[in-house]
Amino acid sequence: MPDRAPQPVDRQLPTDEARDLISLVRDIAQREIAPSAAEEEDAGRFPREVFTLLSDSGLLGLPYDAEYGGGEQPYEVYLQVLEELAAARLTVGLGVSVHTLASYALAAYGTKEQQVEHLPAMLGGGLLGAYCLSEPASGSDAASLRTKAVRDGDSWVLTGTKAWITHGGIADFYTVMARTGVDGPRGITAFLVPGDAEGLSVAVPEKKMGLKGSPTAQVHLDGVRVPDARRLGEEGQGFAIALSALDSGRLGIAACAIGVAQAALDEAVSYAAERRQFGKPISDFQGLRFMLADMATQVEAGRALYLTAARLRDAGLPFAKQAAMAKLFCTDTAMRVTTDAVQVLGGYGYTADFPAERYMREAKVLQIVEGTNQIQRMVIARHLAGPEER
Ligand SMILES: Cc1cc2nc3c(=O)[nH]c(=O)nc-3n(C[C@H](O)[C@H](O)[C@H](O)COP(=O)(O)OP(=O)(O)OC[C@H]3O[C@@H](n4cnc5c(N)ncnc54)[C@H](O)[C@@H]3O)c2cc1C
């Protein structure tokens, strides 16, 4: 029988350095992440030691300036790294994406003093970040958030509850959006809150359908005092910062989705070559061959779309519309492809003996986080048709 084991993805990479980087990441993914992924996801264990290894290997600050410990890689390279990590284990790929999102406000809007003081530890010093926008009563309508920050001398006092926080309880720093002024998007300010701040506590993590190794929890802020030196950007600029961070973050989610979809496709192709029915491998049946062909085509199309958005970003051009399209298309693709992978495996696909069912459960959350896919369609439509009438 011909060897039909999955081949590494043929990537378009801009430099030899980027090719070496992807090889390094594949090596870490195959040696340190993939072997324990199923068991640890089942047990709900977060692999902190993997994040320490990624930080030590320079992989936790890839798209940021080398001056502050970042890797100074273009987004088209950083996202392909995320894809490789997510293919091995979504908890890791998504975790790196969320850490990058949490570091964005400081890297893009912080003062020089703030960046010198905090960024090196965040980008390469083993710290882990969390991004706190959502609240129990404000998800899609994030601009209606209620967590308050009240000025008190040289400090701010933060009170409220953030919801659904990835890395809640294990993060070393939290980038928190809080209300400092009027209702709506203009009254929000961003703060960099240390994980051990007095008054910060975390609820029992949510019991989720998948992504169980990645803790998701409410974060309570009960009179947390934050010096003004930890305010990021101007007063009232926090919502604009949060949305700007999400434009880039959505590309991370798109890349993670393609990683999960690729892993599911590889699993389906391998299984179809091995499994025999009616006297031949099931991959000989046209019904399945066409399914595999459609899955592979969707994965390649998703990768091409997120890379187009990334290359616009790398060129300093507007990319928000394409980022929303990439998030929408790649996560819907991941849902379809992982569901089809379960189908290719038949009854075995529905069991935890094979990873296809885990990929399917993981794909679902990607249609929800960082703006649901309904919200992505609203963003895209606004670029086409202007804002909705109130
Ligand atoms: C595992 C996980 C990790 C997360 N991590 C983080 C994190 O680290 N930081 C963070 O801040 N948040 C995080 N979130 C929160 C996530 O961003 C929100 O769940 C998401 O934005 C949706 O908000 P919601 O859950 O309140 O749903 P809702 O906003 O209540 O939406 C419910 C439904 O209504 C739809 N809907 C809402 N408004 C409209 C509209 N105008 N038009 C059409 N449909 C609409 C939505 O698409 C959805 O289908 C995480 C969520 C999950 C599940």
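The values are calculated or read from the model by the stated rules, or taken from the named source; none is laboratory data. Since this is a predicted model, take the numbers as computed values, not measurements. Methodologically, a virtual Cβ is constructed for each residue, glycine included, from the backbone with ideal geometry; neighbour enumeration extends over all protein chains shown.
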Task: One residue from E72, E84 being under 15 Å from the mean Cα position of the chain (by Cα) and among the acidic types (D, E) - done: E84
- [ ] Select from the stretch 331-390 the residues that are in a helix (DSSP H, G or I) and among the aromatic types (F, W, Y) and list them in ascending order.
- [x] Y348, Y350, Y359
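Rundown of residues vs (1) within 16 Å of the ligand (Cβ to nearest atom); (2) surrounded by fewer than 21 Cβ atoms within 10 Å (Cβ to Cβ); (3) among the aliphatic types (A, V, I, L, M); (4) more than 19 Å from D27 (Cα to Cα), yes/no style:
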{"residue": "L101", "(1), (2), (3), (4)": "yes, no, yes, yes"}
{"residue": "A130", "(1), (2), (3), (4)": "yes, no, yes, yes"}
{"residue": "A137", "(1), (2), (3), (4)": "yes, yes, yes, yes"}
{"residue": "S144", "(1), (2), (3), (4)": "yes, yes, no, yes"}
TODO: With respect to R151, determine if the residue is more than 16 Å from the ligand (Cβ to nearest atom), in contact (Cβ under 8 Å) with a residue 12 or more places away in the chain, within 19 Å of L200 (Cα to Cα) and loosely packed, with under 15 Cβ neighbours inside 10 Å.
DONE: yes
- [ ] For A171, indicate whether it is closer than 23 Å to V365 by Cα, within 15 Å of the ligand (Cβ to nearest atom), modelled with pLDDT of 95 or more and hydrophobic (A, V, I, L, M, F, W, C).
- [x] yes
Task: Conditions (1) of a type in the set (A, V, I, L, M); (2) more than 17 Å from F239 (Cα to Cα); (3) within 18 Å of the chain's Cα centre (by Cα); number of the one not met by V116 - done: (3)
Open item on the list: Please verify whether F290 is more than 14 Å from the ligand (Cβ to nearest atom), within 27 Å of A272 (Cβ to Cβ), surrounded by fewer than 21 Cβ atoms within 10 Å (Cβ to Cβ) and touching a residue at least 12 places away in the same chain (Cβ under 8 Å), treating the condition exactly as stated.
Closed with: no
Task: Qualifying positions in the stretch 168-183 - farther than 18 Å from G238 by Cβ and of a type in the set (V, I, T) - done: I170
Task: Residues of the stretch 270-287 satisfying the condition of being outside any strand (DSSP E or B) and exposed (fewer than 11 other Cβ atoms within 10 Å of the Cβ) - done: F278, G279, Q286, G287
- [ ] Determine if the stretch 241-256 includes at least one residue that is in a helix (DSSP H, G or I), in contact (Cβ under 8 Å) with a residue 60 or more places away in the chain and closer than 15 Å to V9 by Cα.
- [x] yes
- [ ] Hand me the list of helices (runs of 4 or more DSSP H) wholly inside the stretch 1-85 holding 1 or more residues that are among the basic types (K, R).
- [x] 16-28, 48-56
Open item on the list: Among the listed residues V224, V193, identify the single one that is among the β-branched types (V, I, T) and away from the ligand (no atom under 16 Å from the Cβ).
Closed with: V224
